[in-house]
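First comes the structure, then the notes that go with it.
Every number in this text was worked out from the coordinates using simple rules, so none of it is lab data. Treat the numbers as computed from the prediction; the structure is a model and nothing was measured. Don't worry about glycine lacking a Cβ; one is built from the backbone with ideal geometry, like all the others, and counts go over all protein chains shown.
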Amino acid sequence: KEIRLFSPATVANVACGFDVLGFCLDTIGDEMVIRTTEAKGIKITKIEGYDLPYEAEKNVAGVSALAMYNALDPDCGFEIEIYKNIKPGSGIGSSSASAAGSVYGMNVLLGSPLDFTALTNFAMKGEALASQCEHADNLAPAIFGGFTLVKSAKPLKILELPTPDDLYATLIHPQIEIKTSESRALLPKEIPLDHAITQWANVGSLVHALHTSDYALIKDALHDVVIEPHRKQLIPHFDAVKTAVLKASALGCAISGSGPSIFALSKGESTAKDVENAMRNVYANTAIDFETYVSKIN
Ligand code: HSE
């Protein structure tokens, strides 16, 4: 038996929700083929797109697959083929797409014995290999779809959030690599209380705005006073992109995950496309190559 699946890219943090909020993109992702084998164990048999390790223990898709495999001890083995479209170190959940895809596919082939929360828990083992930390804010939207909130990592509890009908994400991916582990190492261990108050007020407001389709409140809440000031210096032209997209009527703009990708949210597809042009114009005048994507969030 085999399954071919699309494992989506994801935007984590969503400005104010560091390690907690995330949403899934439907226009970019990896493809994977998972196949049952008579021989026991997990084997990665093909990787295309990027140069990644074939040893299951060193590959995020392999590590998450092994965690699930060892827990379930099924009477078959699995082969995994990975066709990577998401560049590692892009800030759009490259490692999560791999870690989520392998466990999702294996679960389907086994007759779906596990729920999405259990799958996310196993996928976190793979994610930890890449970022040296078991966070689920990219994995949850990759596995559940849509917009998610990680209420707690231990025990894992994921909330699925509703989204307004006309909410779009525009994303620019400058072709430079930022390792999540390095981008996390930059962050302070403690934050001032007034920043914490602003941040949790914004997270609460954003969640309320998603529930009530209140675009003005989304705009008001999409700010990150805790993480962005430390990380934005890693991303060339971040401030110029932000200024340009707000001028093009984006609701807000922030770092996608740990960068270098930058995302903006907009009401309506035509605004999201104007925002895409604004992002492209900033980078067109630089030596850095880039890709842009527009996705409906649903
Ligand atoms: N929440 C994580 C971080 C996401 O910002 O470090 C990494 O993609």
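Can you work out which of the residues in region 114-149 that are away from the ligand (no atom under 13 Å from the Cβ) and part of a loop (DSSP other than H, G, I, E, B) is farthest from the chain's Cα centre (by Cα)?
Per the stated criteria, the residue is 114.
Based on this model, can you work out whether residue 111 counts as touching a residue at least 24 places away in the same chain (Cβ under 8 Å) and either among the small types (Gly, Ala, Ser) or in a loop (DSSP other than H, G, I, E, B) (or both)?
So residue 111 fails the test.
Take the residues in region 108-163 that are touching a Leu at 6+ places or on another chain (Cβ under 6 Å) and among the hydrophobic types (A, V, I, L, M, F, W, C); name whichever of them is farthest from residue 214 (Cα to Cα).
123
When you look at residue 85, is it touching an Asp or Glu at 6+ places or on another chain (Cβ under 9 Å), more than 16 Å from the ligand (Cβ to nearest atom) and either free of Cβ contacts under 8 Å to residues at least 60 places away in the same chain or polar (S, T, N, Q) (or both), yes or no?
Criteria met by residue 85.
Take residues that are of a type in the set (A, V, I, L, M), closer than 30 Å to residue 285 by Cβ and more than 14 Å from the ligand (Cβ to nearest atom) and tell me which of the strands (runs of 3 or more DSSP E) falling wholly in region 150-269 contain 3 or more.
167-174
Can you tell me which residue among 90, 94 is within 30 Å of residue 208 (Cα to Cα), within 16 Å of the ligand (Cβ to nearest atom) and either touching a strand residue (DSSP E or B) at 6+ places or on another chain (Cβ under 7 Å) or free of Cβ contacts under 8 Å to residues at least 40 places away in the same chain (or both)?
Checking each option against the conditions leaves just 90.
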